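The block underneath contains the structure these notes are about, expressed in structure tokens.
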Amino acid sequence: MNSTRFTERNKEEIDRKWWEIGDYFRRNSLWMLMYCTGCCAIELPPAMTSVYDMERLGMGPMATPRQADVLLVTGYLSLKTLRRLIYTYEQMSEPKYVVGFGSCTINGGIYHDSHAVINRLDQYIPVDVYVAGCMPNTESVMNGFVDLMDLMKSKKADGWKRYHTNYEWYRENQIAALGEVKVHDEFHE
Amino acid sequence: MTNSMSNVGRINTLMGKNFSLIDAKIIDQYQVSYVLKKDDIHRALSVLKSNGFRQLSYLSCVDWPNDHEIEMVYIVMNWDEALHIQLHARIDRDNPVMDSILPIYPGAKYYEREAHEFFGVAFPGNPDYDKQLILEGWDDIPPMRKDFDPRAYSDKKFTKRDPKENFEVTDKTSKRPRQERREERANNLRTGGKK
């Protein structure tokens, strides 16, 4: 039997095809990690249960960050939560996607002048899809998920790649807002 | 079940007999408010605790920058009589120190930490009153003081999104087909593909 020899170009082609296949299955079976920080989380129960039934888009809830594909940030993020969110995001296995809910993740929303709440989520972790509204209705939440699938299909949902290439920039912003990303928690130390 | 108003009367005489009250106010049959001197607070709390007010419901502060004072508020509750008592005492604002009430109400530990974090009041007697609790790595004056400007702090610390200057419609073609497509898609989502 002849051993198969891969040229560099050939290998790239095969990689690309495997990614195509992987992406096809991935976008039809998305596991969500719901980081329910704010009030937008109330839109998820109707989206998940029989009214809109998210399962028919192939989406389901997942318990741990390491097994999840999509991180849902539903609402405002205080500095304390942002620190945990960065931990969570970095734990997720690649490829990973982020959906930001509500105006709070876009520009701070009604908490734009608070001492504890960040304004723009995309300064700290890359966001693939925003669902605008305060709070967005369930149709637009579902629409956002369909948009995410479209973006994955057209290979535009590349936030996790941007996180690699611009890691220094993201880290700089995180440090500027948080001082230190490490969590000092008296209950676990 | 005893009469609520007589409970209020009983507490009123108890407090009036033992302490020099600056002010006493009966809010309703379930709430009474007393203003005391700072040094009387601990004695008052122990007296109330031995009279059935076993629960410390709340401990907080009010900032009065014009008077250069911080007002401490203690709310204790009696489960048998359905009665809340507020104790107020004013302390100096520039050097706010209030002895901890930890020996009387152990549950005050976290309230005192919170008050220290948000108002900068020191509580000697509480071993970790200055540990961080809610704000992590805070780098400014305590945020619930009246002279703290949250907007200036937010502007300084967090990147803002610049609002768009020009809101003119750039695409003058009809939006009707696009709207129809969107409605169809929304309908599709709503009904799951069924007509």
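The values are calculated or read from the model by the stated rules, or taken from the named source; none is laboratory data. Note that this is a predicted model, so its numbers are computed, not measured. Note that we place each Cβ from the backbone using ideal geometry, even for glycine, and neighbour counts take in every protein chain shown.
For B:E112, the stated conditions hold: it is touching a residue at least 40 places away in the same chain (Cβ under 8 Å) and not in a loop (DSSP other than H, G, I, E, B). Restricting the first member to the stretch B:71-90 and to residues that are farther than 11 Å from B:L36 by Cβ, and the second to residues that are of a type in the set (G, A, S) and surrounded by fewer than 19 Cβ atoms within 10 Å (Cβ to Cβ), the beta-carbon pairs closer than 6 Å and six or more apart or on different chains are B:V73/B:S60; B:I75/B:S57; B:M77/B:S57; B:N78/B:G52; B:D80/B:G52. When the residues of the stretch A:45-86 are filtered to those that are basic (K, R) and more than 10 Å from every other protein chain (Cβ to nearest Cβ), the one that is surrounded by the most Cβ atoms within 10 Å (Cβ to Cβ) is A:R84. Of all residues in the stretch B:116-134, exactly one satisfies the criterion of being within 13 Å of chain A (Cβ to nearest Cβ), surrounded by fewer than 18 Cβ atoms within 10 Å (Cβ to Cβ) and closer than 18 Å to B:I70 by Cβ, namely B:D130. Of the numbered criteria (1) part of a strand (DSSP E or B); (2) closer than 19 Å to B:N7 by Cα, the one B:S60 fails is (2).
Among the residues examined, B:L45 does not qualify as outside any helix (DSSP H, G or I) and at pLDDT 90 or above. Kindly indicate whether A:F145 is within 12 Å of chain B (Cβ to nearest Cβ), in a loop (DSSP other than H, G, I, E, B) and farther than 26 Å from B:I141 by Cβ. Spelling it out, it is not the case that A:F145 is within 12 Å of chain B (Cβ to nearest Cβ), in a loop (DSSP other than H, G, I, E, B) and farther than 26 Å from B:I141 by Cβ.
Cβ-Cβ distances below 8 Å connect the following pairs, each with a first residue in the stretch B:16-42 that is among the aromatic types (F, W, Y), a second residue that is assigned to a loop (DSSP other than H, G, I, E, B) and surrounded by 15 or more Cβ atoms within 10 Å (Cβ to Cβ), and a separation of six or more residues or different chains: B:F19/B:L36; B:Y34/B:F19; B:Y34/B:L21. Look at the stretch A:47-74: where a residue is among the basic types (K, R) and a partner is not in a loop (DSSP other than H, G, I, E, B), sitting 6+ places away or on another chain with Cβ atoms under 9 Å, you get A:R66/A:Q91.
Does A:L33 satisfy being in a strand (DSSP E or B) and either touching a residue at least 24 places away in the same chain (Cβ under 8 Å) or not polar (S, T, N, Q) (or both)? When the stated conditions are applied, A:L33 passes them. Between B:E168, B:E183, the distinction of being away from chain A (no Cβ under 11 Å) and either surrounded by fewer than 10 Cβ atoms within 10 Å (Cβ to Cβ) or at pLDDT 80 or above (or both) belongs to B:E168 only. When residues in the stretch B:135-165 are screened for being among the aliphatic types (A, V, I, L, M) and either facing chain A (nearest Cβ under 9 Å) or not in a loop (DSSP other than H, G, I, E, B) (or both), 2 of them pass. Looking across the stretch A:87-111, the residues that are surrounded by 19 or more Cβ atoms within 10 Å (Cβ to Cβ) and facing chain B (nearest Cβ under 8 Å) come down to A:I106, A:G108.
Within the stretch B:120-132, is there a residue that is basic (K, R) and modelled with pLDDT of 90 or more? No, the conditions are met nowhere in the stretch B:120-132. Whenever a residue of the stretch A:169-181 is surrounded by 15 or more Cβ atoms within 10 Å (Cβ to Cβ), its partners that are of a type in the set (S, T, Y), lying with C-beta atoms within less than 6 angstrom and at least six residues away or across chains, give the pairs A:N173/A:Y124; A:Q174/A:Y124. Summed over the stretch A:16-44, the residues that are surrounded by fewer than 15 Cβ atoms within 10 Å (Cβ to Cβ) and in contact with a strand residue (DSSP E or B) (Cβ under 6 Å, 6 or more places away or on another chain) give a count of 1.
Residues are listed down the side, and each one gets a yes or a no for (1) touching a helix residue (DSSP H, G or I) at 6+ places or on another chain (Cβ under 6 Å); (2) at pLDDT 90 or above; (3) part of a helix (DSSP H, G or I); (4) over 23 Å from A:A68 (Cα atoms):
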| position | (1), (2), (3), (4) |
| --- | --- |
| A:V127 | yes, yes, no, no |
| A:Y130 | yes, yes, no, no |
| A:M135 | yes, no, no, yes |
| A:K155 | no, no, no, no |
| A:R162 | no, yes, yes, no |
| A:V183 | yes, no, no, no |
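The residues in the stretch A:132-157 that are free of Cβ contacts under 8 Å to residues at least 60 places away in the same chain and of a type in the set (A, V, I, L, M) can be counted, and the count is 2.
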